[in-house]
Amino acid sequence: MRILAVETSCDDTAVALLDGCRAIAERIYRQEIHSKHGGIVPELASRKHMQILPGLVEEVLRAGGVKSFEEIDAFAATTGPGLTGSLLVGLAWTKAAAWASGKPFLGINHLAAHLYIHYGGKRQVVFPAAALLVSGGHTSLFRMNSWEDILLLGSTRDDAAGEAFDKTAKLAGLGYPGGAALDLAADRGDPEKVSLPSPIADPSIPEFSFSGLKTAAKLLWEKGTDRNDLAASFRKTVANLLVSKLMYQCEKHKMKSVIAAGGVTANSLLRQILREECSEKNLNLFLPDREHATDNALMVGRAAAAILEKDPVASSPLSCNAFARWSGKTLSPIGCY
Ligand code: KG4
Ligand code: ZN
C-alpha cells in the first residue's frame, strides 16, 4: 500500500511517500521567509506552499522510484487545525492528484497525526498511554486507551508552549522561530540564577498557562538579566510543568506508556527529563526523533495508513474542507468535516 502524504498546515511544506507505515522517501522545506518578519505571515506561507509543493512531490517520487501517480494507492493531506490558506494549498493539490488518478483521498487531523508518528513502528505502544502534544499552536494532554480511543484530558488556557518559547526567544533577540535557539542558549546558562513563576503548578490540574510566564521573562529581560540564564530558567520551568502534569496523569490512570509529540519535544531538557522520569517509573516512552517532532508528512502518512488498515476502502469526500481550530473532546486521525 503506497501512500503519498502532504503536510502544509503552517510554514513547513512536507511530502512523504510510504509503504504502509514505512517511509520510502520524504522531504521537508522549512520556509525561512518568515524569520525576517518576526513571525509567520499567513499569505506568504500559502504562496510559498503553492510554489514549493509540486517540485517537492516530484523529488519525493523520484527518490522513491515512483514514475507516475498510477503507482500510488492513496493520497492524504492535513485538513486542520492550522492556517487556512496554507492548509487549502496542500488539500486542493492532494485532492486533485487523487481525483486525476482515481485513487482515494484521506483528510487528516494534524493533532492526531503528531501522535501517529509513533504508529506502526518497531515497538508497539502498550495502552493505556498518556500523550503529551506540545507544539507551536497546541499544548494538550490526552489519555489514549487505544489508537482509536483518544480522550482529551486538558489543554493550555492561553499560549501554547512552543508559542511561549518563540515569544521569549524573540524578546531576548534570539530570532524567530526561536524555540531551538533558546534551547541552545539555555545550555550555556544557569537556571538557578533566575526565578520564574510556575503558573497552574498543581500537577493534578491537566491544564497549562504560559502567557504569565512569558510576561515574567519579559520583565526580567528588561531588568538586564543574562540571556543564557533567562533561557535556562525558562526552559527548566516549562519542561518541569509539562512533565509533572504528564506524570500525575500516568499515575492516576495507571498508564503503561508515554507518547510525546510536537515541535517542543525537540527540546533537549524536556527530552532528558522525559527519559529519566519514564525510566524511573517503568513507562514505555515514545519520543520522536527531532526531525519528526516538528511538522512533517510522515506522521500524516502514518495516520492515513492506520485509517486504511482498519478500513481498506476508507476515503474522504472531495468536498472536505480546511479547518483552523480543533475543539473536540475525542481525537481521531480522520480530519474531514
Ligand atoms: O509541531 P511544530 O513543528 O508546529 C506546530 O504544529 O505548531 O512545532 C513548532 C514549535 C515552534 O514553536 C518551535 O519554536 C518549537 O516547536 N521548537 C522548540 C524546539 N524546536 C522547535 N521548542 C523548544 N525547544 C526546541 N529545541
Ligand atoms: Zn504541528
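What order do you get for Leu184, Leu153 when you list them from fewest to most C-beta neighbours inside 10 Å? Walk me through the numbers on the way to the answer.
Numbers: Leu184 13, Leu153 18.
The most exposed by this proxy come first: Leu184, Leu153.
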Packing-based exposure ordering (other Cβ within 10 Å, fewest first) of Thr79, Thr330: Thr330, Thr79
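How much length would be gained if the chain were fully extended between Phe69 and Lys310, taking 0.36 nm per residue of separation minus their Cα-Cα distance, in nm to one decimal?
On the way: separation 241, 0.36 × 241 = 86.76 nm, distance 2.36 nm.
Using 0.36 nm per residue and subtracting the Cα-Cα distance, I get 84.4 nm.
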Helix-only CD estimate at 222 nm, as mean residue ellipticity for the chain, using -39500 (n - 2.57) per DSSP H run (n ≥ 4): -12500 deg cm²/dmol
Sum of side-chain charges, Ser155 neighbourhood, beta-carbon under 12 Å (Lys, Arg +1; Asp, Glu -1): +1
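Using a/c under 1.5 as the rounded threshold, could you call segment 93-169 rounded, prolate or oblate? The axes a ≥ b ≥ c are square roots of the C-alpha gyration tensor eigenvalues, and prolate needs a/b larger than b/c, oblate otherwise. Walk me through the numbers before you get to the answer.
Numbers: a/c = 2.47, a/b = 1.33, b/c = 1.85.
It comes out oblate by the Cα gyration axes.
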Added length on full extension, which subtracts the Cα-Cα distance from 0.36 nm per residue, Lys218 to Thr84: 45.2 nm
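Given the convex hull over the Cα atoms of the chain, what projected area results after averaging over all orientations, in nm²? Present the calculation step by step, with values, prior to reporting the outcome.
Numbers: hull surface 63.7 nm².
With every direction weighted equally, the projected area is 15.9 nm².
I need the peptides 217-230, 162-175 ranked by packing, meaning the mean over residues of other C-beta atoms within 10 angstrom, with the highest value on top. Before the final figure, lay out each step's value.
Working: 217-230: 16.4, 162-175: 22.0.
Highest to lowest by the protection proxy: 162-175, 217-230.
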Cysteines, the chain, no other Cys beta-carbon under 4.7 Å: Cys10, Cys21, Cys250, Cys278
Fewest-first ranking of Arg62, Arg27, using other Cβ atoms within 10 Å as the exposure measure: Arg62, Arg27
Subset of Lys48/Lys95; Lys36/Lys214; Lys103/Lys329 violating a 27 Å alpha-carbon distance limit: Lys103/Lys329
Mean Cα-pair separation over length for the chain, i.e. relative contact order, pairs under 8 Å, 6 or more apart, %: 25 percent
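Since every read-out is calculated from the coordinates, none of them should be taken as a lab result. These figures come from a predicted structure and were not determined experimentally. Virtual Cβ from ideal backbone geometry, glycine too; neighbours counted across all protein chains shown.
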